[in-house]
Each structure stands twice: as structure tokens, then as C-alpha cells.
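Every number in this text was worked out from the coordinates using simple rules, so none of it is lab data. Since the model is a prediction, treat every value here as computed from it, not as a measurement. Counting neighbours? That spans all protein chains shown, and the Cβs are built from the backbone with ideal geometry, glycine included.
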Amino acid sequence: MPVEFLGIAATHDGSEVTPRSGASFEADYTRRLARAHEDHGWDRVLFAYGSGSPDPSPAAAYVAAHTERLQLLVAHRPNVSYPTFAAKTFATLDRISDGRLAVHFITGGNDHEQRREGDTLTKDERYARTREYIQIVKKVWTRHEPFDHEGAHYAFQDFVSDTFPLQQPHPLVSFGGSSPAAYAAGGAEADIYCLWGEPLAQTAEQIASVRAAAAAAGRTDVPRIQVAFRPIIAPTEELAWEKAHHTLARIRARKAGGTLSRRHPLTQPQNAGSQRLLAVAAQSERHDRALWTPTAAETGGAGNSTALVGTPETVAQALLDYYDLGVTILSARGYDLLDDAIDFGRQVIPLVREEVAKRDAERTAGSDAERHTENGTDRAAARAAS
């Protein structure tokens with residue numbers, strides 16, 4: 001199976017360990033970070049969404065103009081625009097980027113953050129709306145004849161777009177969540193299902209839930225699985241753990257100073273994904289080969305917040321453990337965004353790609369040998385019968 005790497009398309013240099021040095025959108029930094037990903041082996045970058053953050057779509061268009069190969073994953077909340085409008089926006093962006101767009105649909109796990117932009121639906125209502133929204137967007141991308149829609153959340157008549165994506169049948173649809181409602185919606189509609197970095201056993205359980213939801217929706221295929229981590233790497237294990245504890249101290253300093261993110265509650269998060277991360281952190285600081293949870297605990301399980309700590313070889317092997325579960329998209333971003341993107345691209349990505357290629361070759365060879373044996377057995381049986 002091919003493996004892909006997803007990084008972050010931040011528009012400024014701030015993170016959990018350091019405040020940003022300038023405006024929320026710094027063109028030079030945005031361009032340099034994107035180029036660092038493209039030049040060091042990454043496949044795609046995520047343009048995240050926040051109620052007060054720069055809009056992801058024009059930021060992605062800017063990056064598309066300054067890169068050649070890098071794929072673009074644009075996050076979008078259904079409550080901020082009508083689905084027909086969003087579909088045209090994304091089709092235009094796919095054209096601008098020469099077919100490099102994917103869209104990550106965010107349902108929203110925090111009522112307070114959603115209400116900042118006028119969204120008052122409950123979580124389960126939001127998931128139902130997102131599912132309807134994605135269905136409409138897909139129709140707009142693919143229908144060349146006018147159509148009507150009468151749904152629970154949207155209604156319109158005689159719509160047809162004159163703007164279609166370059167990719168056929170349409171750009172990839174990405175989705176995430178860790179509740180039954182999320183599995184049902186994403187299992188039915190997503191090309192890519194996104195999870196946060198939990199221990200291997202819990203990740204396997206979530207993958208099974210996504211696949212079961214896809215089957216229940218009548219799909220014959222299944223979404224690709226993506227899992228996200230915060231890698232902390234150094235030349236030796238000792239130095240890596242020293243760096244990890246220094247990172248944690250920097251997070252705590254920002255938290256104590258009241259300058260950590262306002263988009264996510266640091267205690268008692270509403271969304272199931274963050275609750276799961278905090279439960280994992282409460283069980284133990286370390287899991288499996290290299291998973292480290294204090295970074296998640298200090299930030300309230302805020303999104304991608306569990307770390308993988310070790311040498312490049314250790315972190316690569318930890319990522320391969322998830323690949324062996326069926327994870328084919330590995331999302332990673334460090335805490336010093338630009339330098340960490342370069343280091344991870346140079347030191348970890350080649351190791352993972354080399355091992356994946358080796359495993360795929362061995363799997364192909366084994367399948368060929370098995371078919372050869374079966375064919376030989378069939379021929380022998382035919383000779384015996386004659």
C-alpha cells in the first residue's frame with residue numbers, strides 16, 4: 001500500500017511552545033513553510049480552520065501559486081457557507097492548483113467555538129448536517145444538469161454549476177471524529193478518515209468502527225485511514241527525551257502565562273476525540289514503542305497533540321506500526337514548525353518510505369509465489385484427472 005505524509009500549512013510561526021512573531025497571515029513564512037514541505041518529501045499540507053484564523057481557501061491558493069507538486073488539504077466548516085457556494089469555491093481552487101485539492105469537512109466538537117460564527121446546532125445535529133452538506137457538494141461537483149434538493153438542513157431548486165473540479169470524479173473528501181455519529185457520517189461519505197494519535201490497540205478499534213460504518217452505509221470500498229502525531233526527534237534516545245521534556249516545559253510556560261490557544265478548552269473538552277486522548281494520557285505517559293501523552297494532557301487533548309519521541313529510526317518504526325494496522329496517511333507536525341518539517345522530511349520520511357517499499361515488494365513476491373503454487377496444484381490435479 002502506498003504511504004503519504006501530511007504536514008501543516010501554517011500561516012505564521014506560532015505554536016503551543018511559542019507565540020507568533022507577526023500577523024496571523026505572514027506571506028513569506030507561509031511560502032517558506034510550504035516550500036520546506038515540498039522540498040523535503042511531504043505529500044500534502046493541511047490548511048486548518050479556526051473562527052478567527054485566516055481563511056484556508058485563499059491561503060491554499062497562495063501556496064498553490066508558489067509550489068508545483070505539494071497537495072493541498074483545505075479544512076472547511078459547513079456552518080460558514082452554503083454548500084453550493086462552497087462547492088464552486090473548491091472547484092475553482094482545484095483548477096487553480098492543477099488538481100491538487102482535497103477538502104477536510106469539520107463538523108465541530110466545541111459548542112463555544114461553533115457559536116462564535118453563529119452555529120447553535122447540537123453535536124449530533126451538526127454531524128447530520130455535515131453528511132447532507134458533503135452529499136450536496138459532491139452532486140454540485142459532478143452533476144451537469146440542474147437539480148433540486150429538499151433536506152433537513154438545506155433546500156434549493158434548479159441549481160447547476162458551470163465550475164467543475166479538474167479531478168474526476170471529484171477531489172478527495174476528508175473527515176474526522178471519534179463518536180458513533182462521526183463514524184456513521186464519515187464511514188458513509190469520506191475518502192479519507194482522520195484519527196488522532198492513540199495507542200495501537202485503540203487505533204485498531206477505531207479503524208474497525210470506521211470500516212463497519214462504511215459497510216453499514218452500503219459501501220464496497222473503505223476510507224483510507226490517517227493518523228496524526230507530534231514527532232519529537234533527536235540523534236539519540238536520551239537527547240530526544242530531553243527535547244520532549246523541554247517541549248513540555250515550554251507548553252506549560254505558555255499555559256501558565258495564559259497565552260495558549262483559546263479555540264479549545266484545556267479541561268473537560270466536549271468532543272469525543274479529545275476525551276479519548278485525555279483518557280489515554282490518564283492511563284500512562286508512555287504507550288507502545290514511542291507514544292508520549294503529556295503534551296496532550298497539558299493542552300486538553302486539543303487535536304493533534306500526542307507525541308512520538310525518539311531517534312528518527314525509533315519514530316519511523318513507530319509510524320510503521322500504525323502502517324501495519326492499515327494506516328496509509330501519516331500526519332505529523334513538530335512544535336517548531338519550519339525546522340521540524342525539514343528535519344522530519346530529511347530524517348524520518350525516507351526511512352518509512354524505504355521500509356514500506358520493502359514490505360510491499362515482499363508482499364507482492366509472496367502473492368506471486370502463492371499464485372504459482374496454486375496454478376501448479378491445479379495443473380497437477382488436471383493431469384491426474386486425465
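In table form, for the structure just shown:
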quantity	calculated
Given charges at Cβ of Lys, Arg, Asp, Glu: the chain dipole, positive-most of L320, V348, L248	L248
Intensity falloff of region 100-212 expressed as log10 I(q)/I(0), Debye formula with alpha-carbon point scatterers, at q = 0.12 Å⁻¹	-0.50
Mean shadow area of region 65-139, taken as a quarter of the surface of its Cα convex hull (nm²)	5.4 nm²
Modelled label reach - S367, point 7 Å along Cα→Cβ, region 1-28 residues with backbone N closer than 20 Å	1-4
Listed residue (F159, A281, G197) projecting farthest to the positive dipole end of region 152-295, Cβ model	A281
Proximal charge balance of V63 [Cβ under 10 Å; K/R count +1, D/E count -1]	+2
Area projected by the alpha carbon convex hull of the chain, averaged over all directions, nm²	22.7 nm²
Gyration tensor (Cα) of region 1-127, equivalent ellipsoid semi-axes in angstrom	25, 19, 14
Span from the region 307-364 Cα centroid across to the region 270-291 one, whole angstrom	20 Å
Within the chain: Cβ-based charge dipole about Cα centre, in debye rounded to nearest 20 (Lys, Arg +1; Asp, Glu -1)	480 debye
Unit charges at the beta carbon, dipole of the chain: most positive-side option, P235, P58, A34	P58
Spin-label model distance (nm) - R346 vs E145, 7 Å beyond Cα toward Cβ	5.8 nm
Long-range Cα-Cα pairs in region 297-362 (distance over 13 Å), rounded percent	68 percent
Radius of gyration and Dmax over the Cα atoms of region 166-214, both given in Å	11.7, 39
Centroid-to-centroid separation of region 97-142 and region 17-46 [C-alpha atoms, Å]	25 Å
Computed E for Q268/R116 - FRET, C-beta separation, R0 30 angstrom, nearest 0.05	0.95
Set of lysines near K123 by C-alpha distance (under 28 Å), chain-local residues within fewer than 8 positions excluded	K88, K138, K139, K255
Distance in nm between pseudo-label sites at S284 and A65 (7 Å out along the Cβ direction from Cα)	5.1 nm
Total charge dipole magnitude, region 4-53, about the Cα centre, Cβ charges on Lys, Arg, Asp, Glu only, Debye to nearest 20	120 debye
